[in-house]
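Undergrad: The structure that follows is given in the form of structure tokens.
Derivation of every value follows stated rules applied to the coordinates shown; laboratory data play no part. Here the structure is a predicted model, which means the values were calculated and not measured. Cβ placement follows ideal geometry from the backbone for every residue including glycine, while neighbour counts extend to all protein chains displayed.
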There are 2 protein chains.
Amino acid sequence: MRSVLRFELQAVCPVTGARAGLLHTAHGVVETPVFMPVGTQAAVKGILPRILESDLDAKIILANTYHLYLRPGHETIRRLGGLHKFMAWPRAILTDSGGFQVFSLSRLRKISEEGVLFRSHLDGDQHLFTPESTIDVQIALGSDIMMVLDECLEYPASHEAARVSMERTLRWARTAYAHYRARCQNEGVVEACACFPIVQGSMFADLRRCCAAELVQLDADGYAIGGLSVGEPRALSLEMTEVTTPILPTDRPRYVMGVGMLEELPEYVARGVDMMDCVLPSRNARNGYLFTSAGPVIIKQTQYKDDPRPVDEACSCYTCREFSRAYLRHLFLAGEMTYSTLATLHNLRRYLDIMREIRQAILVGKFPEYLKSV
Amino acid sequence: MRSVLRFELQAVCPVTGARAGLLHTAHGVVETPVFMPVGTQAAVKGILPRILESDLDAKIILANTYHLYLRPGHETIRRLGGLHKFMAWPRAILTDSGGFQVFSLSRLRKISEEGVLFRSHLDGDQHLFTPESTIDVQIALGSDIMMVLDECLEYPASHEAARVSMERTLRWARTAYAHYRARCQNEGVVEACACFPIVQGSMFADLRRCCAAELVQLDADGYAIGGLSVGEPRALSLEMTEVTTPILPTDRPRYVMGVGMLEELPEYVARGVDMMDCVLPSRNARNGYLFTSAGPVIIKQTQYKDDPRPVDEACSCYTCREFSRAYLRHLFLAGEMTYSTLATLHNLRRYLDIMREIRQAILVGKFPEYLKSV
């Protein structure tokens with residue numbers, strides 16, 4: 001039994017295995033490969049949802065189960081008609097399982113076979129996330145693509161610790177999936193929510209392969225690769241991706257969680273990845289780091305004080321069409337929130353434009369050349 | 001000699017003297033009475049200029065000479081093509097003279113006949129504002145409507161102190177005006193900048209009348225009433241306005257600086273005022289105080305936790321069309337900047353809608369009834 005989610009493969013690069021496709025969701029079609037802007041607390045920081053649509057043409061965004069569970073609470077969101085309505089975002093939403101945030105933000109976590117007991121980073125209250133409960137939370141949110149609960153190991157970890165953790169993640173995935181399927185069978189309505197298991201295994205190729213092979217048995221709508229971007233060298237993150245994707249079914253989307261740097265996007269795509277997300281473009285924007293086709297612009301630098309040029313002369317976003325580097329520098333130094341909006345708009349546009357370029361290169365059979373040129 | 005600014009009186013309420021008109025500027029026509037959103041540092045906090053146009057249809061905004069003089073500097077803005085281009089705002093801009101901020105923000109100010117010596121609130125550097133220099137700064141910004149330098153007294157002040165101060169403000173206004181006219185005659189281009197003198201006189205009707213009568217001799221394009229909203233009872237601010245406006249020429253716009261509360265807008269209009277500005281709608285928005293047709297909504301209150309209703313059911317702004325009180329409360333508590341954008345958008349819309357209602361009532365001859373109904 002599968003959800004409404006359907007992945008249509010349009011082109012595969014014969015040299016690299018890079019893929020272009022269409023992900024049909026209950027909230028519209030997503031062109032892949034895709035970079036998903038992050039809307040942690042039911043808002044992409046500084047960007048109104050209508051601008052995500054009109055200016056960025058984002059087709060899917062990510063929201064965080066951990067944050068929304070704690071505040072305002074998934075039951076509140078469910079009562080108000082679900083996350084799409086709550087945040088006025090009519091297109092697709094992917095939610096993580098909260099696993100990553102439990103391990104990075106909360107205090108006093110205690111892992112057992114049942115799940116993970118943790119204290120909220122907001123008020124210290126104790127909560128339990130189980131494979132079943134995180135599915136329930138995401139169904140209440142009305143997510144288009146849910147993630148199963150996984151354990152995120154810090155880097156480095158021993159092979160033994162990674163194996164024990166990966167096996168628990170595997171058992172949790174089976175439990176979560178059984179629960180998800182039971183709810184789908186009992187309540188047809190939740191079929192709109194697809195559910196991806198997550199491949200773990202730290203930086204050990206054998207564990208990654210083993211985990212992937214086991215998860216494929218679930219016949220899921222798509223597969224995620226988690227536990228990367230946790231401090232390891234970037235070559236290792238790419239290597240772990242590379243050993244995993246060949247094991248995953250070609251007709252399902254693959255999502256690498258939490259990556260990446262701008263220059264890494266084509267590298268992941270070259271390893272058969274279809275979906276990515278990262279806070280980097282928006283966080284860097286707020287911190288004054290702007291991505292351009294000619295390299296980074298650190299906007300606070302004195303050299304931009306009287307610079308009449310746009311952030312990126314090759315960019316056609318609102319920020320670059322209407323405003324100078326001098327103006328952005330002024331807003332940044334003055335602490336004006338309009339700076340964050342304009343900077344985020346530009347950085348996200350850059351990420352999304354790069355992904356559109358990549359997709360186009362794959363569709364026209366020029367991806368190997370594209371990869372060499374960047 | 002007059003600037004390009006032209007005020008066209010369309011209707012006057014025979015009972016109250018309230019006026020509806022059109023203010024023709026070099027950057028478009030402004031329907032009066034008008035409330036001007038405040039863009040202190042060349043940005044209306046949280047609102048992109050294109051949204052000021054598309055959503056609020058604001059025709060004129062205010063910017064602060066003191067702030068822009070200190071950062072990024074008026075010469076930087078001039079080199080970049082002026083304030084309109086710098087902030088991508090194609091419509092009219094009014095700038096204050098910096099007088100109010102010197103007296104409220106800066107340290108160690110020392111007033112002399114020449115001007116006011118002050119230390120920047122940013123870095124402690126010493127600066128001198130003179131009647132001439134503040135005109136030069138505003139011409140460099142490319143303001144549509146400039147203000148002359150005035151002295152803002154704290155409240156309360158003795159009659160003697162108020163008289164001495166008002167007389168200096170008067171001398172400064174004459175000096176500023178002579179300088180402004182000389183620059184206009186020498187450089188035709190600056191004629192696009194109109195210049196308003198400011199009536200002072202603390203809370204003494206005789207001083208206000210005397211100041212206004214003297215300033216009328218300048219045959220200015222319009223007149224401002226300053227030194228209000230400095231802590232005095234509201235009845236007194238209205239009274240000072242009431243004694244001043246009859247002395248001002250009927251064919252020139254009148255601007256009361258820094259007012260007011262939402263419910264005061266029709267009161268000022270009823271006293272013959274055409275233009276107002278205040279940080280209240282935007283600052284209150286950011287602090288969680290929302291104006292509605294049914295009274296204030298303090299958005300953090302628990303009663304709104306699950307409230308699916310818009311902030312104001314009678315409002316058609318983007319915020320009220322798309323989002324619930326519950327969502328705004330969530331964003332406010334989560335510290336998301338999207339909250340400030342949505343809240344400011346609503347509060348400014350409320351202010352501008354009220355002014356449009358007032359204008360309409362004057363045009364159709366129903367302003368006395370309108371005034372009674374609020």
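Undergrad: Return the average number of partner chain Cβ atoms within 10 angstrom of each residue Cβ along peptide A:324-331.
TA: 5
Undergrad: In sequence order, what are the phi-derived ³J(HN,Hα) couplings for region A:340-355 according to the Karplus relation 6.51 cos²θ - 1.76 cosθ + 1.60 with θ = phi - 60°, rounded to whole Hz, with x for glycine and proline?
TA: Per residue, the Karplus-derived 3J(HN,Hα) values read 4, 4, 5, 5, 5, 4, 5, 4, 5, 4, 4, 4, 5, 5, 4, 5 Hz.
Undergrad: Taking chain B as a whole, which cysteines find no other cysteine Cβ under 4.7 angstrom from their Cβ?
TA: B:C13, B:C152, B:C184, B:C193, B:C195, B:C210, B:C211, B:C278, B:C317
Undergrad: When all alpha-carbon pairs of region A:36-153 are counted, what percent fall beyond 20 Å?
TA: 40
Undergrad: How large is the Kirkwood hydrodynamic radius of region A:137-245, in angstrom, based on all distinct alpha carbon pairs?
TA: Computed over region A:137-245, the radius equals 14.4 Å.
Undergrad: Enumerate by residue number the GluC sites (Glu not before Pro) in region A:88-181 meeting two conditions: DSSP loop (anything except H, G, I, E, B), and at most 16 other Cβ atoms within 10 Å of the site's Cβ.
TA: A:E113, A:E114, A:E154
Undergrad: Taking H as built 1.01 Å from N, whose amide H comes closer than 5 Å to the amide H of A:T32, not counting residues under 5 places away?
TA: Distant-sequence amide H within range of A:T32: A:G21, A:L22, A:L23.
Undergrad: For B:R109, enumerate residues with amide H under 5 Å from its amide H, sequence gap 5+ or separate chain, H modeled in the peptide plane.
TA: B:R119
Undergrad: Let me ask something else about it. In nm, what is the difference between 0.36 nm times the number of residues separating B:V164 and B:V216 and their Cα-Cα distance?
TA: Value of the extension gain: 16.8 nm.
Undergrad: Further question: What do you get for Rg/Rh of region B:180-308 when both radii come from the Cα atoms and Rh is the Kirkwood radius?
TA: Result for region B:180-308 is an Rg/Rh of 1.12.
Undergrad: Here is a follow-up. Which number do you get for Rg(Cα) / (2.2 N^0.38 Å) in region A:1-61?
TA: Dividing the Cα radius of gyration by 2.2 N^0.38 Å gives 1.34.
Undergrad: Would you mind checking the tilt of helix A:205-216 against the longest principal axis of the Cα atoms of chain A, expressed as 0 to 90 degrees and rounded to 10?
TA: Relative to chain A, helix A:205-216 is tipped by roughly 70 degrees.
Undergrad: With a bin width of 5 angstrom, please list the P(r) values of region B:258-318 as percents of all Cα-Cα pairs, from the 0 bin to the one holding the largest distance.
TA: Over region B:258-318, the share of Cα pairs per 5 Å bin runs 4, 15, 21, 22, 18, 11, 6, 3, 1 percent.
Undergrad: With all distinct Cα pairs included, what does the Kirkwood hydrodynamic radius of region B:221-374 come out to in Å, to one decimal, could you say?
TA: 16.8
Undergrad: Here are some pairs, A:K300/B:K85; B:K45/B:K305; B:K300/B:K366; A:K59/B:K59; which of them have Cα atoms lying more than 28 Å apart in this structure?
TA: Violating the 28 Å Cα-Cα cut-off are B:K300/B:K366; A:K59/B:K59.
Undergrad: Convex hull over the Cα atoms of the protein assembly as shown, averaged projected area in nm²?
TA: 34.4
Undergrad: Can you give the log10 of the normalised intensity I(q)/I(0) at q = 0.17 Å⁻¹, computed with Debye over equal Cα scatterers of region A:294-338?
TA: Ignoring solvent entirely, the Cα scatterers give -0.42.
Undergrad: A further question on this structure: For chain A, find the longest principal axis of its Cα atoms and tell me its angle to the long axis of helix A:325-334, 0 to 90°, nearest 10.
TA: Orientation of helix A:325-334: about 60 degrees from the principal axis.
Undergrad: Just to be sure I understand: with springs between alpha-carbon atoms less than 10 Å apart, which residue in A:F35, A:F129, A:F86 has the highest mean-square fluctuation in the Gaussian network model of chain A?
TA: A:F86
Undergrad: Ok, one more. Give the cross-link partners of B:K372 among the aspartates and glutamates, using a straight C-alpha distance below 15 Å as the criterion and excluding same-chain residues fewer than 8 apart.
TA: Filter leaves B:E263, B:E264, B:E267, B:E357.
Undergrad: On average, how much area does the Cα convex hull of region A:32-91 cover when viewed from any direction, in nm²?
TA: Over every viewing direction, the Cα hull of region A:32-91 projects on average to 4.1 nm².
Undergrad: Give me P(r) over region A:306-374, computed from all C-alpha to C-alpha distances, binned every 10 Å, as integer percentages.
TA: Pair shares across the bins are 20, 39, 23, 15, 3.
Undergrad: Right, here's the next one. Counting only other chains, what is the mean number of Cβ atoms within 10 angstrom of the Cβ of each residue in peptide A:310-319?
TA: Partner Cβ neighbours, averaged per residue: 1.
Undergrad: Turning to a different aspect of this structure: If I fit a long axis through the Cα atoms of helix B:159-186 and take the longest principal axis of the Cα atoms of chain B, what angle between them do I get, 0 to 90°, rounded to 10?
TA: It works out to around 80 degrees.
Undergrad: Another question about this same structure. Report ³J(HN,Hα) in whole Hz for each residue of region B:47-62, in order, from the Karplus equation J = 6.51 cos²θ - 1.76 cosθ + 1.60 where θ = phi - 60°; Gly and Pro get x.
TA: Once θ is set to phi - 60°, the couplings for region B:47-62 become 10, 5, x, 5, 7, 4, 6, 6, 9, 9, 6, 5, 9, 8, 10, 10 Hz.
Undergrad: How large is ³J(HN,Hα), in whole Hz, for each residue of region B:75-87 in order, when computed from phi with the Karplus curve 6.51 cos²θ - 1.76 cosθ + 1.60 and θ = phi - 60°, using x for Gly and Pro?
TA: 5, 4, 5, 4, 4, 8, x, x, 5, 4, 5, 3, 9
Undergrad: Okay, next question. Would you look at the GNM of chain B, springs on alpha carbons closer than 10 Å, and say which of B:S324, B:S112, B:S104 moves the most?
TA: The residue that fluctuates most here is B:S112.
Undergrad: Excluding residues on the same chain fewer than 8 positions from A:K110, give the aspartates and glutamates whose Cα lies under 12 Å from its Cα.
TA: A:E151
Undergrad: Using just the Cα positions, wrap chain A in a convex hull and report its mean projected area in square nanometres, one decimal place.
TA: Orientation-averaged projected area of the Cα hull: 18.1 nm².
Undergrad: Here is a follow-up. Within a Cβ distance under 13 Å of B:I299, other residues only, what is the Lys/Arg minus Asp/Glu net charge?
TA: Charge balance near B:I299 sits at +3.
Undergrad: For region B:225-317, run through the GluC sites (Glu not before Pro) and keep only the ones in DSSP coil with at most 13 other Cβ atoms within 10 Å of their Cβ.
TA: B:E313
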